[in-house]
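Working notes, beginning with the structure itself.
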Amino acid sequence: MKIITLLTDFGTQDNFVGVMKGVALRINPDVNIVDISHNVRAHDIFDAAFLLSTSYEYFPKNTIHVVVVDPGVGSQRNVIAVKTTDYYFLAPDNGVLSFALKKQEIEAIINVENDEYFLKPLSNTFHGRDIFCAVAAHLSKGVSLDSLGPTIKNIHQIHIPAPLRRSDVLIGQIVYIDRFGNLVTNVDKEALEGYACDFKIKVGDQIIHGLNKTYSDAPNQTPVALIDSFGYLEIAVNGANAKDYFGLDKKDLIEIFQC
Amino acid sequence: MKIITLLTDFGTQDNFVGVMKGVALRINPDVNIVDISHNVRAHDIFDAAFLLSTSYEYFPKNTIHVVVVDPGVGSQRNVIAVKTTDYYFLAPDNGVLSFALKKQEIEAIINVENDEYFLKPLSNTFHGRDIFCAVAAHLSKGVSLDSLGPTIKNIHQIHIPAPLRRSDVLIGQIVYIDRFGNLVTNVDKEALEGYACDFKIKVGDQIIHGLNKTYSDAPNQTPVALIDSFGYLEIAVNGANAKDYFGLDKKDLIEIFQC
Amino acid sequence: MKIITLLTDFGTQDNFVGVMKGVALRINPDVNIVDISHNVRAHDIFDAAFLLSTSYEYFPKNTIHVVVVDPGVGSQRNVIAVKTTDYYFLAPDNGVLSFALKKQEIEAIINVENDEYFLKPLSNTFHGRDIFCAVAAHLSKGVSLDSLGPTIKNIHQIHIPAPLRRSDVLIGQIVYIDRFGNLVTNVDKEALEGYACDFKIKVGDQIIHGLNKTYSDAPNQTPVALIDSFGYLEIAVNGANAKDYFGLDKKDLIEIFQC
């Protein structure tokens, strides 16, 4: 049984996700379809790229990861299939794979053009159903990557901000906010390894001293910084919503000072 | 492996959906249960009917479609099982199958009365668990339709509004609003085929000129009309929520003028 | 195919649930993972305990029920695996199993310590992924309970309020409010059996006379009391939200008077 994962901004109010699963099951009744999330903010390619990058490695080898956050659906943007050493990815060519592919060795990139594997009639607005899930299901049944279309060399990239070093200060950026309001930054644990165990993190108007291991290491309603479960510096507030507590949002900066 | 789909207004906060799946798996451990949506507005039979009608055909033949939007649960309303050429449907007899059955040839309608296939003790308020999922699981295991109860001739219908033609004007109605705020009308693409390529659509106080292919054909924050992926005229606003933009809601009218 | 159920407060916006499923499928590709709910209120152990207690029995024997509502993640709290006659339970030792285990005969309680079955590196903040789902998947593949860690005798309990009898009055408490706003109390149907068929229920400032069978037995917008599908006295308002109607919340009291 092959696995297809779905990461979309379709929400769970309508029937979009169910219909996509129906299409895949009609093509391959044995496929196992796993939801990563359907509640990516509408059209937020960056959020989807981040969520994919922290998800895909936890799945079995040869899982087919399908991402449909696709504001350009029906326009001239391409659909791409990417084979890495370990996984398959199927997505619009809008940069949504940028984060994930940084950590994978790419074996082939295909411009998915062969409409033999599309649902007909092809709509202009629901390629999640007509192209992505149909093609993924064919792939899961053993259709070869080559048969999907011609090989291409380059795909669109989105900018992934890196932490900046300005003399003694490391400047990080909030790249994701989870449902608990925890602020995930682009500072990974490797970037903090050069530091002495003592440093200060400036978040909004407040200073957090050093790292803790987990949320409950801080007193209730108190800010805490930790390396989160995906390896990134995360700012949280024990028992509260850090986004609301600090009034910060995605793209806002934090500063790390050596003591 | 047989497929059961679920379309309900039970939401995903409580354990209702999980419990229904448990019941089905206890009866048939091999069944594959696929969610269409559990976020139909509470008791909104019309929304459920519309969502079912645009979903069921994408699933493999002989899929068992279960709809539990059932404000009359525990009262005298019947539970019906309908066999069409391609599918099985199981629902309360409240009209929720009206849209879907317009496009399917009906082979049999059964009044589901045989409590041999119900969960015991039978509750008065959760027939999704005690009747619908239990019976669907038995069906998926090969129990014959006939054994569920007597054949009946008629089932309840709900009114499905058709577009009205008034001299030169075609008057359509908003029948569904998706999570992006797109306004889906009851005007299907066949109804527009008689028109010259140029027509105007009056939506609220605004005029939209002709159809585009996809959302991004319109400038950002601009209204656009298109045939959606299920074949209906849809009013959207590129990059925005058309419901909020126009201040319109379900049942509101739009007008189509030949130029 | 073994079944794992998941009951968490992780929500469905982020990728937490998808990642947990990936981990389980990597360990046991044949496991069937069923969501009970991921929308337990953040850190609400009581709600999770109640939902588990009304869910687990509907699943096939030997289902592995995993609960991750775990405000103490990464602190010194234990992870426990409990084997009852019919099921396996895996949860933080914070009392979340209290309701469910009242009705099951316990065969063994294990302090899950053997990190051989954990995902590495073990994070401090996402044991749902690194411990709970990994261990559950190993269990589903046949790993013995004994190999997970030492047997222990006692686990944490949370207080489950029982109805109080004060002379002629039975005082119940609201223990759960579902997505429709129905008020579920701790008064089970057995507690009401001693009563004559006529009694009055005081809810907020109003009196409800006796029980009805189902919501629609009451006129529209009218309060109704019934035994719900899990056997508890429930206060509802036909066609409306009882929580809003009465202005009541969890832990608020109701009173039952013999006539």
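The values are calculated or read from the model by the stated rules, or taken from the named source; none is laboratory data. It should be emphasised that the depicted structure is a prediction, and the values quoted were computed from it without experimental measurement. Reconstructed Cβ throughout: ideal geometry from the backbone, glycine too, with neighbour counts over all protein chains shown. Ligands, DNA and RNA are stripped out before the accessible areas are found, and what is left, the full protein with its side chains, is counted by its heavy atoms. Shrake-Rupley method; radii C 1.70, N 1.55, O 1.52, S 1.80 Å.
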Tell me, which residues of segment B:189-238 get at least 20 Å² less accessible area when the other protein chains come in, versus the chain alone (1.4 Å probe)?
B:Lys213, B:Thr214, B:Tyr215, B:Ser216, B:Ser229, B:Phe230
Interface size between chain A and chain C, please: total buried accessible area, 1.4 Å probe, rounded to the nearest 100 Å².
2400
Under a cut-off of 13 Å between alpha-carbon atoms, report the aspartates and glutamates in cross-link reach of B:Lys250, not counting same-chain residues fewer than 8 places apart.
B:Asp44, B:Asp47, B:Asp178, B:Glu234
What's the center-to-center distance, using Cα atoms, between segment B:30-59 and segment B:182-259 in Å?
25
At most 15 other C-beta atoms within 10 Å and a DSSP loop state: those are the exposed GluC sites (Glu not before Pro) I care about. Give me the longest piece of chain B that has none.
B:1-104
Where Lys and Arg each count +1 and Asp and Glu each count -1, what net charge lies around B:Tyr215 among other residues with Cβ under 15 Å from its Cβ?
-2
What is the mean projected area of the alpha carbon convex hull for segment B:93-232, to one decimal in square nanometres?
12.8
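Need one number: % antiparallel among DSSP beta bridges in the protein assembly as shown, to the nearest 5.
Looking only at bridges with both residues in the protein assembly as shown, the antiparallel portion is about 75 percent.
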Solvent-accessible area per residue for segment C:60-170 (1.4 angstrom probe, square angstrom):
43
Can you give me the Cα centroid spacing of segment A:102-174 and segment B:119-146 in angstrom?
42
Chain A, dipole about Cα centre (Lys/Arg Cβ +1, Asp/Glu Cβ -1), debye to the nearest 20:
240
Please list, ordered by chain and number, the residues whose modelled amide H lies under 5 Å from the amide H of A:Ala240; skip anything fewer than 5 residues away on the same chain.
A:Gln221
Spelling out what I want: for every residue of segment A:70-76, take phi, set θ = phi - 60°, compute 6.51 cos²θ - 1.76 cosθ + 1.60 (Karplus), and round to whole Hz; glycine and proline get x.
8, x, x, 3, x, 8, 7
In whole percent, the fraction of accessible protein surface over segment B:30-172 that belongs to carbon or sulfur atoms, probe radius 1.4 Å, stands at 48
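Which percent, to the nearest 5, of DSSP beta bridges fully inside chain B are antiparallel?
75
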Around A:Ile177, under 13 Å between beta carbons, what's the net of Lys plus Arg minus Asp minus Glu among the other residues?
-4
Would you mind checking which residues have amide H under 5 Å from C:Asn62's amide H? H placed 1.01 Å from N; only 5 or more apart, or other chain.
C:Tyr87, C:Tyr88
Rounded to the nearest 10, the angle in degrees between the Cα long axis of helix B:16-27 and the longest principal axis of the Cα atoms of chain B comes to 50
Kindly rank A:219-225, B:76-82 from highest to lowest mean number of other beta carbons found within 10 Å of each residue.
B:76-82, A:219-225
Here the alpha-carbon Rg of chain B over 2.2 N^0.38 Å rounds to 1.12
What average number of partner chain Cβ atoms lie no more than 10 Å from the Cβ of the residues making up A:32-40?
6
Which of rounded, prolate or oblate describes segment C:179-259 when judged by the alpha-carbon gyration tensor and an a/c cut-off of 1.5?
rounded
Dmax and Rg, reported as Rg then Dmax, of segment A:1-139 (C-alpha, Å)
13.4, 37
Which of A:Lys141/C:Lys141; A:Lys103/A:Lys213; B:Lys83/B:Lys243 have a Cα-Cα distance over 31 Å?
B:Lys83/B:Lys243
Residues with amide H under 5 Å from that of B:Ile254, placed H, sequence gap 5 or more
B:Gly172, B:Gln173, B:Ile174
Value of relative contact order over chain A, rounded to a whole percent, pairs C-alpha under 8 Å and six or more apart:
16
Just to check I understand the Karplus step: with θ = phi - 60° and J = 6.51 cos²θ - 1.76 cosθ + 1.60, what whole-Hz values come out for segment C:175-189, glycine and proline as x?
10, 7, 10, 8, 5, 8, x, 5, 9, 8, 9, 8, 8, 8, 5
Charge dipole of the protein assembly as shown built from unit charges on the beta carbon (Lys, Arg +1; Asp, Glu -1), centred at mean Cα; most positive-end Cα among A:Ile110, A:Gly194, C:Gly181 is A:Ile110
Globularity index of the protein assembly as shown, i.e. its alpha-carbon radius of gyration over 2.2 N^0.38 Å:
0.99
Summing +1 for each Lys or Arg and -1 for each Asp or Glu, what net charge is found among the other residues whose Cβ lies under 14 Å from the Cβ of B:His127?
-3
Would you work out the charge dipole size for segment B:64-156 about its Cα centre, treating the Cβ of every Lys and Arg as +1 and the Cβ of every Asp and Glu as -1, and quote it to the nearest 20 debye?
180
Segment B:114-121 - phi-based ³J(HN,Hα) in whole Hz, Karplus 6.51/-1.76/1.60, Gly and Pro as x
6, 6, 4, 9, 8, 6, 10, x
What number, in nm² with one decimal, is the all-direction average of the projected area of the convex hull of the alpha-carbon atoms of segment A:67-148?
5.0
Gained length - A:Lys102 relative to A:Gln173, 0.36 nm times residue gap less alpha-carbon distance
23.7 nm
Which entries in B:Lys21/B:Lys102; B:Lys102/B:Lys200; A:Lys202/A:Lys251; C:Lys21/C:Lys120; A:Lys102/A:Lys153 show an alpha-carbon gap greater than 18 Å?
B:Lys21/B:Lys102; B:Lys102/B:Lys200
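Under the classification rounded if a/c is under 1.5, otherwise prolate if a/b is larger than b/c and oblate if not, where does segment A:8-68 fall, given a ≥ b ≥ c as square roots of the Cα gyration tensor eigenvalues?
Oblate, because a/c is 1.5 or more while a/b does not exceed b/c.
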Can you give the charge dipole size of the protein assembly as shown about its Cα centre, rounded to the nearest 20 debye, using +1 on the beta carbon of Lys and Arg and -1 on the beta carbon of Asp and Glu?
480
At most 14 other Cβ within 10 Å, DSSP loop - trypsin sites (Lys or Arg not before Pro), segment A:197-255
A:Lys213, A:Lys251
